[in-house]
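Rule-based calculations on the coordinates, nothing more; no lab input. Computed from a prediction, not measured in an experiment: that's the story for all the values here.
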Amino acid sequence: MLTLGGTLTDAQKSTLAAMAQEEKLAHDLYAAFGTEYDLVVFDRIAGSETQHLAAVRTLLQRYGVTDPTAGTTDGKFSDPAVQAT
C-alpha cells in the first residue's frame, strides 16, 4: 500500500526492486525453455513476463528506485538468491 503523498517506504522500495528481479527471472527462464523446446507457449509467456517487467520498471522510475535488472544479460541477477535460483 502506498503511503500518503505518493511516496514509498524503504520496505516497499525493496519489494518493488525484488519484483523486477522476479519478473526478469521468469522471462529469462521461459525464453530459455522456448529456445530448448519448440513450443509457442514458452514464447508467449516470455512475452507476458516482458510486459510485467516493463510495468514494474515504470513504477521503479516513478518512485526513483534503482532498477536492479538494468544492463543485466539473460540469466544474470544482482541478488545472489535470485542468481542461485
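Assuming a ≥ b ≥ c are the square roots of the Cα gyration tensor eigenvalues, decide whether the stretch 40-85 counts as rounded (a/c under 1.5), prolate (otherwise, with a/b larger than b/c) or oblate. Since a/c reaches 1.5 but b/c is at least a/b, the shape of the stretch 40-85 is classed as oblate. Taking all Cα pairs closer than 8 Å and separated by 6 or more residues, the relative contact order of the chain comes to 34 percent. Across every direction, the projection of the convex hull enclosing the Cα atoms of the chain has a mean area of 6.0 nm². Converting phi to 3J(HN,Hα) with the Karplus coefficients 6.51, -1.76 and 1.60 and the offset θ = phi - 60°, the stretch 22-34 yields 5, 5, 5, 4, 4, 4, 4, 5, 5, 5, 5, 4, x Hz in sequence order, with x at every glycine or proline.
Sequence-ordered 3J(HN,Hα) estimates for the stretch 37-43 from the Karplus curve with 6.51, -1.76 and 1.60 and θ = phi - 60° stand at 10, 7, 10, 4, 4, 5, 5 Hz, glycine and proline given as x.
Each helix, a run of at least 4 DSSP H residues, gives -39500 (n - 2.57); summed and divided by the residues of the chain, these come to -22000 deg cm²/dmol at 222 nm.
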